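Since the structure comes first, as structure tokens, the remarks are kept for the end.
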Amino acid sequence: MNLNLQGRKAIICGASKGLGRACALALAEEGVDLVINARSADTLQQTAEEIRARTGVKVQAVAADITTPAGRAEVLSACPAPDILVNNAGGPPPGDFRDWDQAAWHAALEANMLTPIFMIKAVVDGMQARQFGRIINITSSAVKAPISILGLSNGARSGLTGFVAGLARETVADNVTINNLLPGPFETDRLISTLDLHAQQLGISADQLRQQQMQANPAKRFGDPDEFGALCAFLCGTRAGFINGQNLLLDGGAFPGTF
Ligand code: NAP
């Protein structure tokens, strides 16, 4: 299927590893030139080189913390008029809400709600003027089925979800769609390190816990980041212009609802 993305330009935040990297790679395979971002310069450069070597597209790496105004300005100056924006960053830490002070809440809101909103604010008017834009926010299955120890994530990401639900209805007439991708368990560094920690707390091996978690999923496995990247690329293509304001859950069917 031709997604008609050849020569388009994308900003992918949080793209040196995991789901962001998979989105970057899938878009590059469709001929999209990229600005990719993450904080650690070495890993980011390595990812940029891998994507260039595999796809031949232009990839600019901007090492910066996307949750800061300076970091966002750096990324945006490398690509002030993107056709595609993928918002992503690390998730907030787990814990008990009784331990979270104002600073903890502000950090979560800054990273997982306000940063995507400020990135959208910076690019959406230009996309509407050019009559093409695709914005994808990587959120979490926790938006649909909250996980109590991830209260900071549940709260901050729900705020983003509510905001973009309204905005998406204003931008689509100008061919700018905004959708959220909600990952369930995908095999990334983040999942593996969370699993290791959780296994230690339970006093079982990481492999035992891994097997338990995979068996608990209807698919009996974790998601492959490439599967996530493929949906991201499809949503960015011209054929997906009527999919707008949606929250698309990729979880192997773990959410137990009929729809
Ligand atoms: P990951 O493997 O840890 O990758 C995260 C990427 O984001 C890395 O490239 C990281 O690089 C970058 N990053 C983190 N904080 C950043 C910041 N402040 N500024 C710029 N870049 C930043 O994580 P992942 O599993 O792909 O998860 C991506 C998102 O999906 C997270 O928000 C996570 O909570 C959510 N999620 C993931 C899963 C899952 O199963 N994997 C499930 C539900 C939700 P640096 O550290 O070098 O900056």
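The values are calculated or read from the model by the stated rules, or taken from the named source; none is laboratory data. Quick caveat: nothing in here was measured; it's all calculated off a predicted structure. In this analysis, Cβ positions are derived from the backbone assuming ideal geometry, glycine residues included, and neighbour counts consider all displayed protein chains. Heads up: the accessible areas ignore ligands, DNA and RNA and are worked out on the full protein's heavy atoms, side chains in. Shrake-Rupley method; radii C 1.70, N 1.55, O 1.52, S 1.80 Å.
Of the residues 50, 30, 74, which is away from the ligand (no atom under 14 Å from the Cβ) and open to solvent by 20 Å² or more (accessible area, probe 1.4 Å)?
Selected residue: 30, the only one of 50, 30, 74 that is away from the ligand (no atom under 14 Å from the Cβ) and open to solvent by 20 Å² or more (accessible area, probe 1.4 Å).
Mind listing whichever residues of the stretch 236-259 are within 16 Å of the ligand (Cβ to nearest atom), under 15 Å from the mean Cα position of the chain (by Cα) and not acidic (Asp, Glu)?
Once the filter is applied, which keeps residues that are within 16 Å of the ligand (Cβ to nearest atom), under 15 Å from the mean Cα position of the chain (by Cα) and not acidic (Asp, Glu), the stretch 236-259 yields 247, 248, 249, 250.
Give me the pairs: first residue in the stretch 28-47 and within 18 Å of residue 6 (Cβ to Cβ) and of a type in the set (Val, Ile, Thr), second residue part of a strand (DSSP E or B) and open to solvent by less than 40 Å² (accessible area, probe 1.4 Å), beta-carbon distance under 9 Å, and six or more apart or on different chains, which are they?
Filtered contacts from the stretch 28-47: 32/10; 32/84; 35/10; 35/11; 35/12; 35/59; 35/61; 35/62.
Under the condition of being within 28 Å of residue 79 (Cα to Cα) and small (Gly, Ala, Ser), which residue from the stretch 101-120 is most open to solvent (accessible area, probe 1.4 Å)?
Ranking the qualifying residues of the stretch 101-120, first place goes to 107.
Scanning the stretch 121-136 for residues that are open to solvent by less than 30 Å² (accessible area, probe 1.4 Å) and touching a helix residue (DSSP H, G or I) at 6+ places or on another chain (Cβ under 7 Å), which turns out farthest from residue 22 (Cα to Cα)?
124
Restricted to the stretch 155-185, and to residues that are in a strand (DSSP E or B) and not aliphatic (A, V, I, L, M), which residue is nearest to the ligand (Cβ to nearest atom)?
My answer is 183.
Does residue 175 fit the bill of being under 30 Å from residue 4 (Cα atoms), open to solvent by 50 Å² or more (accessible area, probe 1.4 Å) and either of a type outside the set (A, V, I, L, M, F, W, C) or within 19 Å of the chain's Cα centre (by Cα) (or both)?
For residue 175, the condition - under 30 Å from residue 4 (Cα atoms), open to solvent by 50 Å² or more (accessible area, probe 1.4 Å) and either of a type outside the set (A, V, I, L, M, F, W, C) or within 19 Å of the chain's Cα centre (by Cα) (or both) - is met.
Restricting the first residue to the stretch 8-22 and requiring it to be polar (S, T, N, Q), which pairs with a second residue that is part of a strand (DSSP E or B) and modelled with pLDDT of 95 or more meet a Cβ separation below 8 Å and a spacing of at least six or different chains?
Correct list of pairs: 16/36; 16/38.
One line per residue, one yes/no per condition, for (1) in contact with a Lys or Arg (Cβ under 9 Å, 6 or more places away or on another chain); (2) near the ligand (Cβ under 10 Å from one of its atoms); (3) open to solvent by 10 Å² or more (accessible area, probe 1.4 Å):
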| site | (1), (2), (3) |
| --- | --- |
| 99 | no, no, yes |
| 138 | no, yes, yes |
| 142 | yes, yes, no |
| 148 | no, no, yes |
| 151 | no, no, yes |
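Scan the stretch 83-93 and tell me whether some residue there is more than 11 Å from the ligand (Cβ to nearest atom) and either in a helix (DSSP H, G or I) or open to solvent by 40 Å² or more (accessible area, probe 1.4 Å) (or both).
No, because not a single residue in the stretch 83-93 is more than 11 Å from the ligand (Cβ to nearest atom) and either in a helix (DSSP H, G or I) or open to solvent by 40 Å² or more (accessible area, probe 1.4 Å) (or both).
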